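Novice: Have a look at the structure that comes next, please.
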Amino acid sequence: MALYVYNSLTRRKEKFEPLHEGRVHIYVCGPTVYDYPHIGHAKSYISFDIVVRYLHYLGYKVRYVQNITDVGHLLDSGEDRILKGAKRERVEPMELVERYTRAYFEAMDALNVLRPDISPHAAAHVPEQIELVETLLKKGYAYEVNGSVYYDVSKWPDYGKLSGRKVEEQQAGARLEVNPEKHHPADFALWKKAEPEHVMQWNSPWGRGYPGWHIECSTMSMKYLGETIDIHGGGMENQFPHHECEIAQSEAATGKPFVKYWMHNNMVLVDGVKMSKSLGNFTTISQALEKYSGEQIRFFILQTGYRSPVDFSDEAVKAAGQGLEKLQTTLRNIKQYLDRAKDGAEAPVVTELCAKYRSLFEKEMDDDFNTPAAIGQLFEFSKEINKLLSADAGLSKESVEILFATYKELSQNVLGLLKEGGVEQVSVSPFIDLLISLRNELRHRKEWGLADQIRDELMKNGVIIEDKKGASQWRFKE
RNA sequence: GGCGGCGUAGCCAAGUGGCUAAGGCGGAGGUCUGCAAAACCUCUAUUCAUCGGUUCGACUCCGAUCGCCGCCUCCA
């Protein structure tokens, strides 16, 4: 079987063939770091985490670049998001950027999202962005007006090929006032002139200013991954205009295709409408982590395909958690069986079972990363494993090890689920309190032998009990 | 107005031009168990928004209708 990927550019599933054998270059639009990440970000980055993990599983060498937007991304008001955030929190813009970049990575770590290989910041690549703008000017695809540079959409007949739009059919100024500097309302800014009070500004051939939003992705993608890359990912809402503009800029500058496969993930909804900053109906990832584990959130998201929207609700996340627990129990069951299994030959049933479910799982993943279906296979696999283990057919250590390795590879390596050791992180205090209350019950009954045994065993494990009047206290041995 | 997508059981959610329409949650019953828990077994959509059409055959393809969502220069 081969991997098939849904390409937004052609609107169909295509066989995945990387540009260079054995290696994949992927770029995903990263966050604008002006506020805490929310569940919508989780869906996007978990989706592409799966893409990267599965490509690794298939044996590809992957270079994964995901930008950090820290300049140039404007609000409707024309205000830079970063500057607005900095004002709100009364900090330096780059202090704000640092704060929310950290928050972003911490949230992603909690969701077991692997970090990209490179996380370039837009503000750290201003010279490269200026170079690209100069190239576009030189080639006649852009024009300068009063210190700002705009891309001339009329020079690029392909504009609209990704989103299927025609410039003439759009309602100019539907949402924003038309900028009178532009030759055509569809033209977009490559470089913006900065007013003196605009804190983030750089020298350029056109005076003091700052880069437009779209140019950063073209620049950094080309810098780290080459002029043509294998996969470019991002949220569906960025298909137009952001990705459309990226294509126009990049292809006009290089004369080469920018991206082979465009992938777009769908949105997280709340009561049927998009979760977004502007609607204020978002749950931040750290808020969600107070109620659910990162793994539970991850599993919830993976139970829906990346191209389908998912409605975030307490009920749905809880239901997902129940299912996840079932898969975790199976992993525990295998581990426990492994501890008491004896050496022996591999049982053919086990080898066949593993091969069967590995192949079924791969078949689903090969179909455009169909995680809900792959998870369905994992549930079936889990059921078969439990049957085998509870039949207690005296499976050999070797057999159980294959089960363990296969089950872990699919659930942990590919899906990023069933992390071991997470549950053991709880505090020991409640358990020590419990032992002490049991021991005090024994002391009441004058069952000194057992009571002393508890005290001695705790002492061996570094816990000292001191019986005071009315209560027993405990502390850790220094 | 333009572009794109969605509507599958009580809920979530895969899927296919024709074998029994995955899987999970919830629910019902059972096996196992000192009691639990876990696990396992059985049942829980004669039907895929509605109405037409194409076809030997459609939930799947086409058209219309209804409902919902996203985008049209702010968003993962």
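The values are calculated or read from the model by the stated rules, or taken from the named source; none is laboratory data. Since the model is a prediction, treat every value here as computed from it, not as a measurement. Neighbour counts run over all protein chains shown; Cβ positions are idealised from the backbone, glycine included. Calculation scope for accessible area: heavy atoms of the full protein, side chains included, ligands and nucleic acids excluded. Shrake-Rupley method; radii C 1.70, N 1.55, O 1.52, S 1.80 Å.
Novice: Between a residue in segment A:322-336 that is closer than 19 Å to A:I297 by Cα and any residue that is among the polar types (S, T, N, Q) and near RNA strand B (Cβ under 7 Å from one of its atoms), which pairs come within a Cβ distance under 7 Å, given they are 6 or more apart or on different chains?
Specialist: A:K326/A:S382; A:L327/A:S382
Novice: Based on what the data block shows, is A:K84 under 22 Å from A:H242 (Cα atoms) and open to solvent by 50 Å² or more (accessible area, probe 1.4 Å)?
Specialist: Values: under 22 Å from A:H242 (Cα atoms): yes; open to solvent by 50 Å² or more (accessible area, probe 1.4 Å): yes.
Judged against the criteria, A:K84 is a match.
Novice: I'd like to check something: does segment A:176-191 contain any residue that is modelled with pLDDT under 85, within 16 Å of RNA strand B (Cβ to nearest atom) and polar (S, T, N, Q)?
Specialist: Yes, segment A:176-191 contains a residue that is modelled with pLDDT under 85, within 16 Å of RNA strand B (Cβ to nearest atom) and polar (S, T, N, Q).
Novice: Report every pair of residues separated by at least 6 positions or lying on different chains whose Cβ atoms are under 7 Å apart, first residue within segment A:396-421 and at positive phi, second of a type in the set (K, R) and surrounded by 16 or more Cβ atoms within 10 Å (Cβ to Cβ).
Specialist: Cβ pairs passing all conditions: A:G416/A:R53; A:G416/A:R298.
Novice: Yes or no: segment A:93-103 includes at least one residue that is among the aromatic types (F, W, Y), in the same structural domain as A:Q249 (by TED's automatic domain parsing) and within 30 Å of A:R23 (Cα to Cα).
Specialist: Step one: list which residues in segment A:93-103 are among the aromatic types (F, W, Y), which gives A:100.
Checking the rest, the ones that are also in the same structural domain as A:Q249 (by TED's automatic domain parsing) come to A:100.
Within this subset, residues satisfying the condition of being within 30 Å of A:R23 (Cα to Cα) are none.
Within segment A:93-103 (the criterion being among the aromatic types (F, W, Y), in the same structural domain as A:Q249 (by TED's automatic domain parsing) and within 30 Å of A:R23 (Cα to Cα)), the answer is no, since none of the residues qualifies.
Novice: Moving on. For segment A:91-105, state whether one or more residues are touching a Leu at 6+ places or on another chain (Cβ under 8 Å) and open to solvent by less than 80 Å² (accessible area, probe 1.4 Å). Show your work before the answer.
Specialist: From segment A:91-105, those touching a Leu at 6+ places or on another chain (Cβ under 8 Å) are A:93; that's our starting set.
Now restrict to residues that are open to solvent by less than 80 Å² (accessible area, probe 1.4 Å): A:93.
Among the residues of segment A:91-105, at least one is touching a Leu at 6+ places or on another chain (Cβ under 8 Å) and open to solvent by less than 80 Å² (accessible area, probe 1.4 Å), which makes the answer yes.
Novice: Follow-up. So, in segment A:310-329, of the ones that are touching a strand residue (DSSP E or B) at 6+ places or on another chain (Cβ under 9 Å) and crowded, with 16+ Cβ neighbours inside 10 Å, which residue ends up nearest to A:I285 (Cα to Cα)? First the steps, then the outcome.
Specialist: Step one: of segment A:310-329, the residues touching a strand residue (DSSP E or B) at 6+ places or on another chain (Cβ under 9 Å) are A:310-313, A:316.
If we keep only those that are crowded, with 16+ Cβ neighbours inside 10 Å as well, we get A:310, A:312.
Working: A:V310: 16, A:F312: 12 Å.
The selected residue is A:F312.
Novice: State whether one or more residues within segment A:107-114 are assigned to a helix (DSSP H, G or I), open to solvent by less than 20 Å² (accessible area, probe 1.4 Å) and modelled with pLDDT of 95 or more. Please lay out each step first, then the result.
Specialist: Filtering segment A:107-114 down to residues assigned to a helix (DSSP H, G or I) leaves A:107-110.
Among the residues that remain, those that are also open to solvent by less than 20 Å² (accessible area, probe 1.4 Å) are: A:107-108.
Now restrict to residues that are modelled with pLDDT of 95 or more: A:107-108.
The answer is yes; a qualifying residue exists.
Novice: Further question: Can you tell me which condition A:Y45 does not meet? The list is (1) surrounded by fewer than 21 Cβ atoms within 10 Å (Cβ to Cβ); (2) out of contact with any strand residue (DSSP E or B) (no Cβ under 7 Å at 6 or more places or on another chain); (3) in contact (Cβ under 8 Å) with a residue 40 or more places away in the chain, and all the others hold.
Specialist: Of (1) surrounded by fewer than 21 Cβ atoms within 10 Å (Cβ to Cβ); (2) out of contact with any strand residue (DSSP E or B) (no Cβ under 7 Å at 6 or more places or on another chain); (3) in contact (Cβ under 8 Å) with a residue 40 or more places away in the chain, only one is false for A:Y45: (1).
Novice: How many residues does segment A:151-168 contain that are in contact with a Gly (Cβ under 9 Å, 6 or more places away or on another chain) and either at pLDDT below 80 or not assigned by TED's automatic domain parsing to the domain that holds A:I215 (or both)?
Specialist: Final tally of qualifying residues: 2.
Novice: Tally time: how many residues in segment A:349-368 are farther than 21 Å from A:R12 by Cβ and not in a helix (DSSP H, G or I)?
Specialist: So the answer is 0.
Novice: I'd like the full set of residues that are part of a helix (DSSP H, G or I) and open to solvent by less than 10 Å² (accessible area, probe 1.4 Å), limited to segment A:231-252.
Specialist: Of segment A:231-252, the ones part of a helix (DSSP H, G or I) are A:236-252.
Within segment A:231-252, A:H242, A:H243, A:E244, A:C245, A:E246, A:I247, A:A248, A:Q249, A:S250, A:A252 meet the criteria.
Novice: So, A:A355, is that one within 14 Å of RNA strand B (Cβ to nearest atom) and either open to solvent by 50 Å² or more (accessible area, probe 1.4 Å) or in contact with a helix residue (DSSP H, G or I) (Cβ under 7 Å, 6 or more places away or on another chain) (or both) or not?
Specialist: Working: within 14 Å of RNA strand B (Cβ to nearest atom): no; either open to solvent by 50 Å² or more (accessible area, probe 1.4 Å) or in contact with a helix residue (DSSP H, G or I) (Cβ under 7 Å, 6 or more places away or on another chain) (or both): yes.
Answer is no for this residue.
Novice: What are the residues in segment A:66-77 that are touching a Lys or Arg at 6+ places or on another chain (Cβ under 9 Å) and either surrounded by fewer than 21 Cβ atoms within 10 Å (Cβ to Cβ) or assigned to a strand (DSSP E or B) (or both), if any?
Specialist: Scanning segment A:66-77 gives A:Q66, A:T69, A:H73, A:L74, A:L75, A:D76, A:S77.
Novice: Return the pair list, or none, for Cβ contacts closer than 7 Å from residues in segment A:353-381 that are free of Cβ contacts under 8 Å to residues at least 40 places away in the same chain to residues that are open to solvent by less than 20 Å² (accessible area, probe 1.4 Å) and within 9 Å of RNA strand B (Cβ to nearest atom), at least 6 apart or on different chains.
Specialist: Short answer, once both residue conditions are applied: A:E364/A:A374.
Novice: Residues A:Y337, A:Y292, A:Y306: which one is assigned by TED's automatic domain parsing to the domain that holds A:G376 and open to solvent by less than 60 Å² (accessible area, probe 1.4 Å)? Let's see the steps before the verdict.
Specialist: On the way: A:Y292 fails: assigned by TED's automatic domain parsing to the domain that holds A:G376; A:Y306 fails: assigned by TED's automatic domain parsing to the domain that holds A:G376.
Unique residue meeting the criteria: A:Y337.
Novice: In addition: Could you list, in sequence order, all residues of segment A:369-406 that are more than 9 Å from RNA strand B (Cβ to nearest atom), part of a helix (DSSP H, G or I) and crowded, with 22+ Cβ neighbours inside 10 Å?
Specialist: Once the filter is applied, which keeps residues that are more than 9 Å from RNA strand B (Cβ to nearest atom), part of a helix (DSSP H, G or I) and crowded, with 22+ Cβ neighbours inside 10 Å, segment A:369-406 yields A:F381, A:S399, A:V400, A:L403.
Novice: Now, a different point. Six or more apart or on different chains, Cβ under 7 Å: which pairs go from a residue in segment A:248-267 that's acidic (D, E) to one that's outside any helix (DSSP H, G or I) and away from RNA strand B (no atom under 12 Å from the Cβ)? Could you list them?
Specialist: A:E251/A:P257; A:E251/A:F258
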